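The next block holds one structure in the form of structure tokens; read it before the comments.
The values are calculated or read from the model by the stated rules, or taken from the named source; none is laboratory data. Given the structure is predicted, the values throughout are model-derived calculations rather than measurements. Backbone-built Cβ (ideal geometry, glycine too); neighbour counts: all protein chains shown. Just the protein is used for accessible areas: all its heavy atoms, side chains included, with ligands, DNA and RNA removed. Shrake-Rupley method; radii C 1.70, N 1.55, O 1.52, S 1.80 Å.
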Amino acid sequence: MTSPLDNGILLLLLKVYGAMILLGPVLLRIQFRFKAKLNPQLVPVESLPPDVRQFMALRVKSIVDLGFEPVGYVNLGNMTTNTGSFMALFSNSRTLEWADVSVVKSATKMAGYIEFITRCSNDAQVDTNTNSIAPVLFPSPSYHVFRFPQVQDAFTLYRAHRMLVQQSTGGSKPELPPRGQELAELKRRLERYGPRQQERGYMYLDGAGEYFRLTWKGAILGAWRSIWPVSLVRRWWMRSRSEDQLRSMGVAQYRPT
């Protein structure tokens, strides 16, 4: 038999959850900022935070072993509110592809992943990475992003990337900027994010032209997709779908680093 105390706790939990649903979009809309203009800077590896350097170390070597040449370590600054973003950037002049180890760090946590990027002359782009966070806003139809958080080594991820490029771009020719223009191309590529979200009604450029902020549509979508248990279901779905993709490509076996 249910006690009055149990009913009271359940009612309290429902009220708290309801408050999260209602207040989550409000708080996210107030807090979120994405810089409209970025200023990526090449920096010495010694200037990176120690935990960022440690995360990058083995992953950098595994990408170099695949034939990619280091462009350098990049400090991207505060792309979003209360975070610092860092990148070890690589290019491959033979295959005309990018690779990077990306890390986003806040005061309380750090998240990172490796990725391979192929951008084609028709502006189609394929990004294959190990990011475990499911996207919350609108994906561009010409920007194909494949997330494989269960893949633990660069070799397997790159093998999957090459297959996905063939499937997604129809044999279009990849592009790389001239040597020495890598940071300019990186800046251009990253700064596309805000305008593309604005086109779909998820963000808008503030009056000063400094930050992209969330519209109510973007804030509601972002907050509700991030709340429990929706976030867990979306993460499970992303992982399950990526498992199926790997299996269908014959890349179901992967090696730990």
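Of the solvent-accessible surface of region 48-91, computed with a 1.4 Å probe over protein heavy atoms with every protein chain present, carbon and sulfur atoms account for 56 percent. If you plug the beta carbon distance of E185 and T83 into 1/(1 + (r/R0)^6) with R0 = 22 Å, you get a FRET efficiency near 0.45. Across region 110-257, Cα-Cα pairs farther apart than 28 Å form 27% of the total. One equal scatterer on each Cα of region 125-170, no solvent, Debye formula: the resulting log10 I(q)/I(0) at q = 0.24, 0.27 Å⁻¹ is -0.89, -1.03.
Whole number please: convex hull volume per residue, Cα atoms of region 179-257, in Å³. Walk me through the intermediate numbers first.
Numbers: hull volume 15.4 nm³, N = 79.
Given the Cα convex hull of region 179-257, per-residue volume reads 195 Å³.
For the cross-link pairs K37/K109; K35/K217; K15/K217; K15/K105, which exceed 29 Å when the distance is taken from alpha carbon to alpha carbon?
Those over the limit are K15/K105.
In order along region 72-88, the phi-based Karplus estimate (6.51 cos²θ - 1.76 cosθ + 1.60, θ = phi - 60°) of 3J(HN,Hα) comes to x, 8, 10, 9, 8, x, 8, 5, 10, 4, 6, 9, x, 10, 9, 8, 9 Hz; Gly and Pro are listed as x. Extending 7 Å from the Cα toward the beta-carbon at both L58 and I21 defines two label points whose distance is 4.3 nm. As a length-normalised measure over Cα pairs under 8 Å and 6 or more apart, the relative contact order of region 138-229 settles at 17 percent. Within the straight-line cut-off of under 15 Å between alpha carbons, the aspartates and glutamates reachable from K61 are E69, D100, E115, D153, sequence neighbours fewer than 8 places apart in one chain being disregarded. Short-range pairs are left out: with C-alpha atoms under 8 Å and at least six residues apart, the relative contact order of the chain is 21 percent. Under Stokes-Einstein, with the Kirkwood radius over Cα pairs as Rh, the value for the chain at 4 °C and 1.567 mPa s is 65 µm²/s. Straight-distance candidates among the aspartates and glutamates for linking to K173, with alpha-carbon spacing under 14 Å and chain neighbours fewer than 8 residues away dropped: E97, D123.
In order along region 227-234, the Karplus-derived 3J(HN,Hα) couplings, from 6.51 cos²θ - 1.76 cosθ + 1.60 at θ = phi - 60°, round to 7, 6, x, 4, 4, 5, 5, 5 Hz, and Gly and Pro are given as x.
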